[in-house]
Each structure stands twice: as structure tokens, then as C-alpha cells.
Amino acid sequence: MARLHGFQKKELLEIYYKMFLARTLDEKQLILLKQGKGFFHIGCSGHEGAQLAASNNLNSGKDWIYPYYRDAALCLGLGMTGKEQLLSFLARSDDPNSGGRQMPQHYGHKDLRIVSQSSPTGTQFLQAVGCAMSRKWEKTKEVVYVSSGEGSTSEGEFHEALNWSSREKLPVIFHIQDNQYAISVHISEQTSGASVYSMVGGYQNLSRFDVDGTSFFETDLAFKQAVDRARKGKGPSVIISRVVRLLPHSSSDDQRKYRSDKDLESDKKRDPIDQFEQYCVNKKAVSTKDFDIIRKKVSDKVNKDSEWANNQNHPEISTALDHVYSDKTPIKETSLKTINDKVVLVDAINHAMAEEMSLNKKMVIYGEDIADPKGGVFTATKGLTQQFGKDRVFNSPLAEASIIGTAIGLAVTGWKPCVEIQFGDYIWPAMMQIRNELASMRYRSNGNWKCPLVIRVPVGGYIHGAICHSQSIDGYFMHMPGVKIAYPSNASDAKGLLKAACRMDDPVIFMEHKGLYRQGFSSTPEPDKNYILSFGKAKIVQAGNIVTIITWGAMVQKCIEAVKSCELDNDIVEIVDLRTLNPLDHKTISSSVKKTGKVLVVHEDNLTNGPGAEIAALIADTNFENLDGPVKRVGSADAHVPYNWYLEEEVLVQTSDIQNALIELLEY
């Protein structure tokens, strides 16, 4: 039998079946929504041809997929079933996308290598780049697909992703499905020259395709070329498929408010399903009767499947808190054996990374200025490029979202990135990646996907760093479920905690107070390569019976000095170094409070809504009956940190502040 553009009749019918299935599922879900059985829907109608052209050229379960919310037809083409999409729409327990944890059309499927996607527009680009990095390193010839609408190309992360992928010639394909509207905003108000194709023209090694996305055959040809190019190591491609949006942006939108009847009718005339059918009939490749049979078959199946899905179980209420963190057994602490008399904190961190790099061949280190010969602005990574090579220890672009986004993509594929954000003050461009992607990956995928990476962050003041080199960020990140936090006060703890972080199954933010890096008081004998310090285990720095000071990081030494300044008996003040802020060691905190009855929480972050407020509230909740006085807090002033050293002293916590609060509490 003659082929049509290389497709046999059976293949054409299968493509049409999936196109019509995607369309019918859109229609059915809107009916279910009106019946009160669902609450949200975002459709793919008008995008089916381009998406099935993409799936036709990808190896399901082998290539890696980072879809966006309109990619229903793509996912069907890769092997997701209509039943599975209905389970997602109805938020049922057996939904493979998220188990009812995410809104409908937030696709993810472990068996199909469809990586869990969340709601922010554009965060998927950098993760796809990270995924493609490991595909290139492993020489797998696997391709990474990532898609979005044209509106998301206004996000800076899109351009960061193009920059990194084109520079490294990575096997990633960016599919931009241009329906001309980002909700209500037309591309003429969104994009320079109203053309994504023109806008991305300046990237070396980047191939560009501009196709009629309503034509399956034209788009299929572009994907064939882009995929072949990627598998041969020639670099990334951007495919802009000009499609039509036949439904409003979502079930919460009414596009008649901002689109004319003429505009909507014009889109209907470009319906990809109608075009596919007419083209195949005109070419005598498929008969009208063949298509009629498929439409009847699909309609019956969707009706039957929707009834089935509606009768499936909701998730058990008891599972609501599952998968916030890994359920693997926590790493056990090992005994402390030292190998030399003294190591400064920054060198302990360096040695911890070197030891873990030797153990884990899939561990990589990168960030701004971290490669040799500089070895980081604080020399924390000095010598590691020389020791492990520039393929494993390398500089990133000056782009914090790029660092975290690519690290998430790497971690999803089984690699262990240990990345550095040069200063905590500059972590904020990566906040979307951290809060909405890194922290939620395991939870939102119902435990199917994980990204256990390590983010090292120098933090804190006392170095004349002024407003943007002195920030304390622990208060922000303690509020974030899904990410563990370490904040050591000395070299031994730093080494043990960092080595644990590099082996953990959860993402970790590892805060390093830059004022402690080379201080003599934070130096310790160096633990050997086998030393592991468990998270969630505080340390009693000094035992006492009358008042407890709870603290961490650089404040530990200041608390020691404050107690000495008060010239108290040795058994009066107990100092507890938390060492990790998530998890907190509730047992040690409670035990100390029961013993002393009075508590002072000391932290460098500013006072209002700082970490001390949460710790004080926990103590009030669980140990109120044990208290003999108010839980007091000492923190930095609610102000920015100024450069002038006299002004800086007035803002940041000083030993005298701790001393005054301690005396006041003792006298209560």
C-alpha cells in the first residue's frame, strides 16, 4: 500500500486516533466540570497535530520529557492513557501524574520519563538543560524535549536555557507552541517583532524551525531533523509551531472578552484535526468511513473511561503528608576520629567535597567562579578542578536560576550536584526554582520523582559586606517544606554535615557563615573521611541548669563570649547549638528547657518573623508548663546591614546584646 509522507495507513489512523482522543477528552472534562465533578481544566485543542508530531519522533520511556500544561496530546502519543488523564482531572489516588496532589494537566509519568511539571511558566527549561547535560555526559544519545507556549519565552529562564544549551551543544529540543495568546496578551504585545523565531536568532549552535503547527506532516519533518541533530551531538533546536487555541486559556477564562468573532472563526478553519482528515482523504490514504469509525470508537471509550475514573478512589486522607521528604532511613552518625589537630571551616568544607567526589562518580560541583585556578571567592573549591577535572568541577554562567534549575534536572536523572550560590544575598533569582520546583518535586509527583541536590550558600554579616553581602536567609528557608537546612558553627560539624548532605535522599541548603571560614574559634581537629554527622542532632556546647541559650552558626561563639562576660558560675547557662534548622532537634530543645525553665533564642537573622519566633512558639506549645519566664529572643535589627562599621554594629547582634538579654532573663 502506498505511503503518505512515509506513513502507512495504520500509522495515520493511530495518529488520528490520538488526536481525536485528546480533543474528546478536552470536551468530556469540560462536561464533567459543569457537572461539578472537577474544578479546573486547561485544554490542548488546536495543538494536537504539533504535539503528536513531537511524540512521533521521540522514544517513549527512553527520551526525557518536560511538557507544559497543554501537552495532553503529546502525553497520549508517548503512551499515557485516556484513563490516566481522567484520573488526573478527577484527582484520584491512582493518578500517575500526581496522585491528586496537583491541578489537572500537570503532567508527569515515571515509566514514560515524563518529569513532573508544576504551575510556573518557564521553570521547565533550565531543568531540561540539566537533564540534557547528564545525557551528554553519559553518551546515551537520549534526547530531552521541553515545551511551552510563546508567552513563556518572555521569561528570563528561557534565554538562560538557550544560552547554556547552545554553548554546550546539548541534546535538547525546545518546542514553542505559538497560539499567539498568553492568556489574553497577544504576541504583538509580548515578543520583540512578534516573532519567537527572530528573537532566538543570536545563539550559536542553535537550530531554528518555524512551522505550521496545525500541519502534522510539516511539524513532523521539523522534529525529525531536530531529533536527528540532537542524537548526533550537534546541539539544541527551537521549533516554533504556529498553532491555534480553540478553547479559552482555561476553564477560568472567557476569550470572547478579548478576541473577536472573526478571529475565533479564523482559528477554527485551521483546526489540525480537520486538516489532517481532509488531507488524508484527498490523498486517498484514508477513507472518510475509516475516520468515522475512529470517532465513534473514541467517543464510546471516553464515555466509558470517564464513568470508570469517576468511580475510582480518592487518595486516603492519611497520605496528605506523605512524600514531603524521603522515607529512606536517615544516614547514621559515625564515631569521630581525627586526622590532624586543626582545620579551618572553609578547608573542612573543601575536604568534605573532595572525599565525597572520590566516593560518588556522579557527583559534580559547579557555580560562579568555583573552578580552578580561582577555586571560589572564598577558596572553598580550590584545587578540586585540578583533582577531579573540569568535567566534574566547573564554572557556571552568572545566573543563579540557571545553577539551581540545571541542578534539579541533573538530580532527577540520578546525578548528585553540589552547587554553590556565591552569596546568600544573590539566591533570590533562583527562588522560583527552589520554592516551586526543588522543594515540591517529590511531593507533587506522589513520590515518583526526586531531586536530592546540595546548595552551598555563604551567608551572614560581620565582614563589612553591607546590604548585599551580609544577608541572613535562614528565616526564609525554614518556612519551606521539602528542603533540609544545615548551618554549622565549626569545622568538624561542617565536614560531617556536608558529607551527610552529599549522601542524603533529600535536597539540602547548606548555609556557611562566611565570617567563620577562617576564624580560629571555629577551627577544630579534622574528622577523618568516614565521619558523618546526622541532621537533626543538636550539640550541648556548654551544660547548665538555670537558663538555656538556643543558637547556631556564628552566634554560637558570641553566646559563649556573652556568658563569659557575665562571669557566671559554670553550671548556670546551657548553650545548645542546633547545627541543623530543618530538621530541628526537638528532643534536645525540650530536654534542656525542662532542665532550666528559662530560654533565650539567639540568631543573626533579623528579629521580626525570624527563626527565633518559630522556636519560641514551639517551646511555648510543648514546654509551657516547664517555663519559669518568658522565652526571649535576640536577633539583628529590622533593617538592612549598612557598610559603615559603626552602623553595622548597631544593626547586627553584638555580644553585649546577648549579655543584656541573658542578665534580664536570669533576673526575671
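Summary table below
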item: Mean separation of Cα contacts under 8 Å (6+ apart) over length of the range 192-341, as relative contact order %; result: 17
item: Spatial separation of Cα centroids for the range 302-334 and the range 443-511, in angstrom; result: 27
item: Cα-derived Rg over Rh, computed across the range 554-624 with Rh taken as Kirkwood radius; result: 0.95
item: Distant-in-sequence amide H partners of SER207 (H built 1.01 Å from N, under 5 Å); result: SER237, VAL238
item: Order by protection proxy (mean Cβ within 10 Å, highest first), peptides 302-315, 508-521; result: 508-521, 302-315
item: Percent breakdown of C-alpha pair distances by 5 Å bin, ordered from the shortest bin, for the range 287-371; result: 2, 8, 8, 10, 9, 8, 7, 6, 6, 7, 8, 7, 5, 4, 2, 2, 0, 0
item: Rg(Cα) / (2.2 N^0.38 Å) computed for the chain, rounded to two decimals; result: 1.09
item: Value of relative contact order over the range 593-658, rounded to a whole percent, pairs C-alpha under 8 Å and six or more apart; result: 38
item: Per residue solvent-accessible surface (Å²) - the range 343-393, probe of 1.4 Å; result: 39
item: Accessible area in square angstrom per residue, the range 1-155, 1.4 angstrom probe; result: 32
item: Among the listed pairs LYS136/LYS361; LYS332/LYS514; LYS110/LYS328; LYS342/LYS362; LYS337/LYS594; LYS34/LYS304, those beyond 21 Å (Cα-Cα); result: LYS332/LYS514; LYS342/LYS362; LYS337/LYS594
item: Under the Debye formula (equal points on every Cα, no solvent term), log10 I(q)/I(0) of the range 236-362 at q = 0.15, 0.23 Å⁻¹; result: -1.08, -1.31
item: Dipole magnitude (debye, nearest 20) for the range 619-668, charges at Cβ of Lys, Arg, Asp, Glu; result: 60
item: Principal-axis tilt of helix 655-666 within the chain, Cα atoms, nearest 10 degrees; result: 70
item: Principal axis dimensions, the range 69-155 - Cα atoms, whole angstrom, descending; result: 38, 31, 21
item: Cα gyration tensor, the range 104-155 - rounded (a/c under 1.5), prolate or oblate; result: oblate
item: The range 118-277 - Kirkwood radius from inverse mean 1/r over Cα pairs (Å); result: 16.4
item: Ordering of 213-219, 530-536 by burial proxy (mean other Cβ atoms within 10 Å per residue, highest first); result: 213-219, 530-536
item: Nonlocal amide H pairs with THR580, under 5 Å, H built at 1.01 Å; result: TYR487, GLY536, LYS537
item: Cα-based Kirkwood hydrodynamic radius, the range 203-267, one decimal, Å; result: 14.1
item: Compactness of the range 489-529 as Cα Rg over 2.2 N^0.38 Å, two decimals; result: 1.23
item: Check: the chain dipole with +1 on Lys, Arg Cβ and -1 on Asp, Glu Cβ, in debye; result: 3040
item: Angstrom value of the Kirkwood radius, inverse mean 1/r, which spans all Cα pairs in the range 511-576; result: 13.6
item: Within the accessible area of the range 213-316 (1.4 Å probe), percent carbon and sulfur; result: 47
item: Alpha-carbon gyration tensor eigenvalues x 5, square-rooted, for the range 344-481, Å; result: 23, 21, 12
item: Probe 1.4 Å, protein heavy atoms only - accessible area per residue of the range 541-668 in square angstrom; result: 46
item: Positive-pole candidate from VAL459, LEU438, ASN448, dipole of the range 415-487, charges at beta carbon; result: ASN448
item: Packing rank of 138-144, 320-326, where each peptide gets the mean count of other beta carbons within 10 Å, highest leading; result: 138-144, 320-326
item: Protein accessible area in the range 348-431, 1.4 Å probe - carbon and sulfur %; result: 56
item: Solvent-accessible surface ranking, highest first, for PHE40, PHE223 at 1.4 angstrom; result: PHE40, PHE223
item: Estimated FRET transfer efficiency (LYS269, HIS314; beta-carbon r; R0 51 Å; 0.05); result: 0.75
item: From the C-alpha gyration tensor of the range 1-123, square roots of 5λ in Å; result: 25, 17, 12
item: Shape call, the range 572-668: gyration tensor on alpha carbons, a/c limit 1.5; result: prolate
item: Nearest 10 degrees, 0 to 90: helix 586-596 Cα axis against the chain principal axis; result: 30
item: Mean shadow area of the range 452-587 over all directions, Cα convex hull, nm²; result: 9.2
item: Principal semi-axes in Å for the range 595-642 [√(5λ), Cα gyration tensor, largest first]; result: 24, 10, 6
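The values are calculated or read from the model by the stated rules, or taken from the named source; none is laboratory data. The structure presented is a predicted model; accordingly, all values stated were derived computationally and were not measured. Cβ: placed from backbone, ideal geometry, glycine included. Neighbour counts: every protein chain shown. Please note that ligands, DNA and RNA were not included when accessible areas were found on the heavy atoms of the full protein model with its side chains. Shrake-Rupley method; radii C 1.70, N 1.55, O 1.52, S 1.80 Å.
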